[in-house]
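These notes are about the structure you will find just below.
No lab work stands behind these numbers, since they all come straight from the coordinates. Just so it is clear, the structure is predicted and the values come from calculations on it, not from any experiment. Counting neighbours? That spans all protein chains shown, and the Cβs are built from the backbone with ideal geometry, glycine included.
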Ligand SMILES: NC(=O)c1ccc[n+]([C@@H]2O[C@H](COP(=O)([O-])OP(=O)(O)OC[C@H]3O[C@@H](n4cnc5c(N)ncnc54)[C@H](O)[C@@H]3O)[C@@H](O)[C@H]2O)c1
């Protein structure tokens, strides 16, 4: 029997699953000598270039719309065929925006049951990510899941396991790492441009109701127009509350707070550029300072994450901050600081500043030299001159190199292009696969645990396991 496109896709999945054994992939991990607990399936067979990849979006809220548009922009061979959402107004809006023939439903299982859908975009609140991802992989779908990959640390390994068994392609949605600035920063760090990294700081402050997640609630929100029972999923049963439905980030039952929403982007970027696997010790402090509107998550959070020395990098500290009530000046940036310079991310580009100390320490000015008796000063200078010839006293001039991402760069579409390229190849080698994504998600979830339980959290970034104490 001549293979059809469907049987062909099914066959390469089976081949992928069969091949999913030991191996090392990813330049950073390979350099670190760390074996991934699975293999990356590369370049099996290509899907015919004439075949369209048929996608469906599950969760068509704010990011569901942006993701779907980016997916369609990323490749002309991609077609949206179905959407699931729990608010009727959003399903109606799908018909207005994406076309009246798009199949819509409140029940995502109807989408997973369809044989003509190759990939699903999971863009629901965080508490649904693991459930729908595992069901989708089991149903043979390729998965693009929004960040953070999971709602709780103990859900991560089962998602990885489901992915590994399925042989399907999966990408998690921290799209910034598909931008030129991150690629360039990684190149600079790999080239040793800033020496040994010892400190990273990143902040993401805001000042405004929408920035603090108080999104608009439609006037027709009610138990009739919103599928409240399904929205709750595995969360505690509470009566319908439009604020919880449309502003779910404000509640731990459905969201992951500022850490899961924003720190995760920062950590993902840092892991990408440094090839780090993650921190070992995590501590947070925070408060609910301003947005006392019933939310149960902090609006100010500061976390310190300690990264151990590996074969790729020295030990370093990372300090992350979000302040949703910053009425002062806001300058959000990420600085990666090393012993020979720093890389600063500023919007669309980066600035590399190279600064190297001379060998000679110098003397004089604010120093103890002047407090010595004259004869001792003379002896000091004599010894200093003998020890430090002129060429050890010169510092290299400070150099600043600016890198701007190309004007029309579309990192969101690039992230999807990477996903679809791997779907076509039948490969699991996406830029943000579930192992990479869990290594970014777990530390942010640990930031929350540290804040809520007022304790230090210990994490094994290689085995991806939480520890009682090291
Ligand atoms: N990558 C990024 O830059 C980025 C940006 C924003 C949001 N996100 C992520 O995207 C996800 C969605 O965020 P959002 O701002 O779009 O939220 P949103 O509230 O605007 O949309 C979520 C939608 O999911 C629907 N939904 C909930 N449970 C569902 C289920 N079981 N089946 C089908 N639909 C369901 C809701 O009806 C809602 O319309 C979150 O995980 C968030 O962290 C990522």
Distance between Cα centroids, segment 59-88 to segment 176-198: provide it in whole Å. 31
Can you tell me the orientation of helix 180-190 relative to the chain, as the angle in degrees between its alpha-carbon axis and the longest Cα principal axis, to the nearest 10? 40
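If we count other beta carbons within 10 Å of each Cβ, what is the order of 343, 111, fewest first?
Final ranking by Cβ density, sparse to dense: 111, 343.
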So what's the angle, to the nearest 10 degrees on a 0 to 90 scale, between helix 411-425 and the longest Cα principal axis of the chain? 60
Length-normalised contact order for segment 108-210 - Cα pairs under 8 Å, 6+ apart - percent: 21
Using only helices, what value at 222 nm comes out for the chain when you add -39,500 (n - 2.57) per DSSP H run of length 4 or more and divide by the total residues, to the nearest 500 deg cm²/dmol? -10000 deg cm²/dmol
Give the distance, in whole Å, between the Cα centre of segment 92-118 and the Cα centre of segment 402-470. 28
In degrees, nearest 10, range 0 to 90: what is the angle between the Cα axis of helix 434-453 and the longest Cα principal axis of the chain? 80
Zero-based 10 Å bins, Cα pair distances in the chain, whole percents: 4, 18, 27, 25, 14, 6, 3, 2, 1, 0
Mean Cα-pair separation over length for the chain, i.e. relative contact order, pairs under 8 Å, 6 or more apart, %: 21
Quick note, segment 192-322: a/c under 1.5 would make it rounded; otherwise a/b > b/c is prolate and the rest oblate (a ≥ b ≥ c, C-alpha gyration tensor); here it is prolate
Rounded to whole Å, give me the distance from the Cα center of segment 250-269 to that of segment 282-360. 15
